[in-house]
Amino acid sequence: MGDMPEPAPEIGQATKADIDGILQLQDTNHLDRGGLLSVRFSREWLEARLSDLPVIVARRGGRIVGYPISTSLEAQASAAIVQAMLNAYAHSKDAYIYGPVCVAADERGQGLASALFSALLARVPNRECFTFIRGDNAASLRAHTKMGMRSVASLRSAMWITSSLPTALRA
């Protein structure tokens, strides 16, 4: 008999119990470890996000295998990259920041980023979200394009801002 395919990871809203797994996945995928995540969030910052906007996680076998962070603009307004994004892109009034998104290496290429994004949009419907993607992160640019996001602005540091809301729906 052949091997049965593994069931899809469980996708749901993060709880305080998921923070350790998010931190571990973040650390594994940070730039200083050879990954492409350029930001590192603290435990306290992540815990505060749980009451801001939904933080979605994918769980498999007791570990966190993926997450996108979503935050109000105010939650990250002091970050230089966020200030640059806000200056470069005329977002809608109730827009929020999406990202970073992180997927474990052994889960990539299976549509998990798209499933996480869909779960986020289901919990925060009809609101624009935007993010930046480093210009050298071709895999992320491809994945976000597949998810229906599009380039709307660029920054001198070769980062791209994408939006989930068509121009016609922005207020």
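The values are calculated or read from the model by the stated rules, or taken from the named source; none is laboratory data. What you see is a predicted model, and the numbers here were worked out from it, not measured in a lab. Cβ placement follows ideal geometry from the backbone for every residue including glycine, while neighbour counts extend to all protein chains displayed.
Before moving on, here are some points about what is shown:
- The stretch 56-89, residues that are among the aliphatic types (A, V, I, L, M) and either within 13 Å of PHE132 (Cβ to Cβ) or free of Cβ contacts under 8 Å to residues at least 40 places away in the same chain (or both): ILE69, LEU73, ALA75, ALA77, ALA79, ALA80, ILE81, VAL82, ALA84, MET85, LEU86, ALA88
- Selection of the stretch 58-78 for residues being crowded, with 17+ Cβ neighbours inside 10 Å, small (Gly, Ala, Ser) and not in a strand (DSSP E or B) yields only ALA75.
- Failed item, numbered, when ILE81 is tested on (1) closer than 22 Å to ASP27 by Cβ; (2) assigned to a strand (DSSP E or B); (3) at pLDDT below 90: (2)
- Tally, over the stretch 9-37, of residues that are outside any helix (DSSP H, G or I), under 19 Å from ALA115 (Cα atoms) and touching a residue at least 40 places away in the same chain (Cβ under 8 Å): 6
- Picking from residues in the stretch 112-142 that are small (Gly, Ala, Ser) and in contact with a helix residue (DSSP H, G or I) (Cβ under 9 Å, 6 or more places away or on another chain), the one that is modelled with the lowest pLDDT is GLY135.
- Where LEU86 falls short, out of the listed (1) surrounded by fewer than 16 Cβ atoms within 10 Å (Cβ to Cβ); (2) more than 28 Å from GLY111 (Cα to Cα): (1)
- In the stretch 18-46, of all residues being small (Gly, Ala, Ser) and more than 18 Å from SER70 (Cβ to Cβ), the one that is surrounded by the most Cβ atoms within 10 Å (Cβ to Cβ) corresponds to GLY35.
- Cβ pairs under 6 Å, 6+ apart, first in the stretch 101-127 and in contact (Cβ under 8 Å) with a residue 40 or more places away in the chain and surrounded by 16 or more Cβ atoms within 10 Å (Cβ to Cβ), second among the charged types (D, E, K, R) and not in a helix (DSSP H, G or I): none
- Here GLY135 passes the criteria (1) surrounded by fewer than 19 Cβ atoms within 10 Å (Cβ to Cβ); (2) under 26 Å from ARG63 (Cα atoms); (3) in contact (Cβ under 8 Å) with a residue 24 or more places away in the chain; (4) of a type outside the set (A, V, I, L, M, F, W, C) except the one numbered (2).
- The stretch 83-135: number of residues that are touching a Lys or Arg at 6+ places or on another chain (Cβ under 7 Å) and more than 14 Å from LEU73 (Cα to Cα): 1
- Scope the stretch 61-91; condition touching a strand residue (DSSP E or B) at 6+ places or on another chain (Cβ under 7 Å) and not β-branched (Val, Ile, Thr); matching residues: GLY66, TYR67, PRO68, SER70, SER72, LEU73, GLN76, MET85, ALA88, TYR89, HIS91
- Residue within the stretch 43-54 that is among the basic types (Lys, Arg) and over 18 Å from SER114 (Cβ atoms) present: yes
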